[in-house]
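Presented below is the structure to which this report refers.
The values are calculated or read from the model by the stated rules, or taken from the named source; none is laboratory data. Not measured: the values here are computed from a predicted model. Positions of Cβ are generated from backbone atoms using ideal geometry, with glycine treated the same way; all protein chains shown enter the neighbour counts.
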Amino acid sequence: MTQSTGRERIGFIGLGAMGRPMASNLQRKGNDLVVYDLNREAVDALVALGARAAGSVAELAREVDIVVTMLPDSPDVEAVVLAPDGIAAAGAEDLLVMDMSTIEPSATDRLAAALADRSMAFVDAPVGRLVSHAEKGESLFMVGATSNDFGRVRPLLEAMGTTIQHCGNPGSGIRTKLVNNFIAIATCQLTAEAMTLAESFGLDLSTTLDTVNGTTATNGHLQTAWRGKVLAGDTAPGFRIRLAHKDISLAVEAARQAGVPVFVGAAARECLGQAMRTGDFAERDFSALLDVVCQQSGIAAPRL
């Protein structure tokens, strides 16, 4: 590994909707950054900010001290880290891998064990909040790491976000993320059904919101998120229904493995599965679940 400054050199793999703005914030805040992604346009955008492009995962791993991964799903992360030409094979001892993807807890455990066998460190730090927060450097991170490794990655997290929760040892970050998203996604479906019911009753939307938001029935969708999204007619993706379905599916499967019954979560997963098969909703923001339920009910979707 090479270090051109006193700072550790950072590699970033995965420049999608969340990864690109987070990597951009790392670069803007003075980090020595090497990037890799199959999307050349995304790579070029980081190079324009001063980052260097690696030609392969292995090349990146050989040149850095910390690798950050932000990838779509468990197989993607495992391939990048554990393939014969992946991070673990190419990196030096003491390399740290920080995975920020939302993947299966069992995959996270496998990654941590495989890297430990090579005297490498592993941190799981999945991201809370939306793309808009990532763009502004206001993400929330749920971190699973040893105390030493948490100290090592904390400057990076501070460059990308405003809230950092050290949840425990490796594996605790992704498990916290699944609990968080279980609540957020299931509540979004429940809220969509309730607001469709209110519309079917002919209730005034503003009065209904004021009433509900004054009781324990309120939630973040009704108080904040929906007002700027679906209720304003904006269903452009901040958190796609397709990804919400993936995340709640991960939570339901993890619960099954743990022997925890999650009847509401299983129902919400099926509802999102139906939403994905309805029109073009799979790629819309998950607040558009309101529009899905209204469409299923033959009711015009309410707007403020």
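If the condition is being in contact (Cβ under 8 Å) with a residue 40 or more places away in the chain and hydroxyl-bearing (Ser, Thr, Tyr), then the range 25-72 contributes only 69. Determine if the range 262-276 includes at least one residue that is of a type in the set (Phe, Trp, Tyr), surrounded by fewer than 17 Cβ atoms within 10 Å (Cβ to Cβ) and either part of a helix (DSSP H, G or I) or assigned by TED's automatic domain parsing to the domain that holds residue 186 (or both). Yes, the range 262-276 contains a residue that is of a type in the set (Phe, Trp, Tyr), surrounded by fewer than 17 Cβ atoms within 10 Å (Cβ to Cβ) and either part of a helix (DSSP H, G or I) or assigned by TED's automatic domain parsing to the domain that holds residue 186 (or both). Can you find even one residue in the range 180-193 that is in contact (Cβ under 8 Å) with a residue 40 or more places away in the chain and exposed (fewer than 14 other Cβ atoms within 10 Å of the Cβ)? The answer is no, given that none of the residues of the range 180-193 is in contact (Cβ under 8 Å) with a residue 40 or more places away in the chain and exposed (fewer than 14 other Cβ atoms within 10 Å of the Cβ).
Only one entry of 88, 45, 61 meets the criterion of being under 22 Å from the mean Cα position of the chain (by Cα), part of a helix (DSSP H, G or I), crowded, with 16+ Cβ neighbours inside 10 Å and not hydroxyl-bearing (Ser, Thr, Tyr), and that entry is 45. Scanning the range 288-304 for residues that are charged (D, E, K, R) and outside the structural domain of residue 191 (by TED's automatic domain parsing) yields a total of 1.
Note on the range 91-208: enclosed helices (runs of 4 or more DSSP H) holding 2 or more residues that are among the acidic types (Asp, Glu) are 105-117, 147-160, 172-200. If you take the residues of the range 8-41 that are among the small types (Gly, Ala, Ser) and touching a strand residue (DSSP E or B) at 6+ places or on another chain (Cβ under 8 Å), which of them is nearest to residue 132 (Cα to Cα)? Among those that are among the small types (Gly, Ala, Ser) and touching a strand residue (DSSP E or B) at 6+ places or on another chain (Cβ under 8 Å), it is 19.
Residues in the range 209-226 that are touching a helix residue (DSSP H, G or I) at 6+ places or on another chain (Cβ under 7 Å) and either surrounded by 18 or more Cβ atoms within 10 Å (Cβ to Cβ) or part of a helix (DSSP H, G or I) (or both): 209, 212, 219, 221, 222, 225, 226.
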